[in-house]
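Notes for the one structure printed next.
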Amino acid sequence: MVRNSLKFVSWKDRKAVAADLKKIYQSVTVAESELESFENNWDGKYPTIAKSWRKNWPNLITLFDYPDEIRRVIYTTNAIESLNSVIRKAINNRKIFPHDQSALKAVYLAINAAAKRWTLPIRNWKPALNRFMIEFENRMPTNM
């Protein structure tokens, strides 16, 4: 959302708008009031930003249900974008698939090949893993 919102902002206001948006997504309990504050500050100049956040608010607030340790891991999108890039490349190289199973196999093989190249650990993973174990103890294996 932040990256999408900054598309509408001029370069001279970019840092200030980004700082105000950061207050929204880093807020633990008062994210909606931070969004209202953002609207009061920037709606005159950039009304589409707050409108977009309001439109997507039901989806965005699910992020605030998680503790801070898990949120830090979730809103880091580089790994997700990298995976999407690998999948897109595998599909674009082939273009036509005889059936759904062959498309699924191509995606599976591309992900496996990419996983061998990924060597960097996920940032802030240990604290997030501890919170996952607490929040979802019945769904997390204990021998990790």
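Every read-out reported here was derived from the displayed coordinates using simple, explicitly stated rules and does not represent laboratory data. The structure displayed is predicted, hence computed values, not measured ones. Note that each Cβ is placed from the backbone with ideal geometry, even for glycine, and that neighbours are counted across all protein chains shown.
Where the only charges are on Cβ atoms (+1 Lys, Arg; -1 Asp, Glu), what is the dipole of the chain about its Cα centre, to the nearest 20 debye?
Details: 24 positive and 14 negative charges, 189 e Å.
Taking the Cα centre of the chain as origin, the dipole is about 900 debye.
Net charge dipole, region 77-121: roughly 180 debye, given to the nearest 20, about the Cα centre with Cβ charges of +1 for Lys and Arg and -1 for Asp and Glu. Hull volume per residue, based on the alpha-carbon atoms of region 48-123 and their convex hull, is 155 Å³. A dipole drawn for region 2-65 from +1 and -1 charges on Cβ atoms has a positive end, and of Ala19, Asn59, Leu35 the residue lying farthest that way is Ala19.
Note the per residue figure in Å³ for the convex hull of the C-alpha positions in region 2-65.
Numbers: hull volume 4.6 nm³, N = 64.
Considering the Cα atoms of region 2-65, their hull volume per residue is 73 Å³.
Using a simple charge model, +1 on the beta-carbon of Lys and Arg, -1 on the beta-carbon of Asp and Glu, nothing else, what dipole does region 49-108 show about its Cα centre, in debye to the nearest 20? Before the final figure, lay out each step's value.
On the way: 10 positive and 5 negative charges, 77 e Å.
That gives a dipole near 380 debye.
For region 102-121, the residues whose backbone nitrogen is under 20 Å from a point 7 Å from the Cα of Lys89, taken along Cα to Cβ, are 103-121.
Approximating the spin labels as points 7 Å out from Cα along Cα→Cβ, the Phe8-to-Ile96 distance works out to 4.3 nm.
Placing a pseudo-label 7 Å from each Cα along the Cα-to-Cβ vector at Asn56 and Ala113 gives an inter-label distance of 3.1 nm. Under 13 Å from a point placed 7 Å out from the Cα of Leu63 along the Cα-to-Cβ direction: which residues of region 1-38 have their backbone N that close? Residues 1-6, 21-28, 31-32, 35 fall inside that zone.
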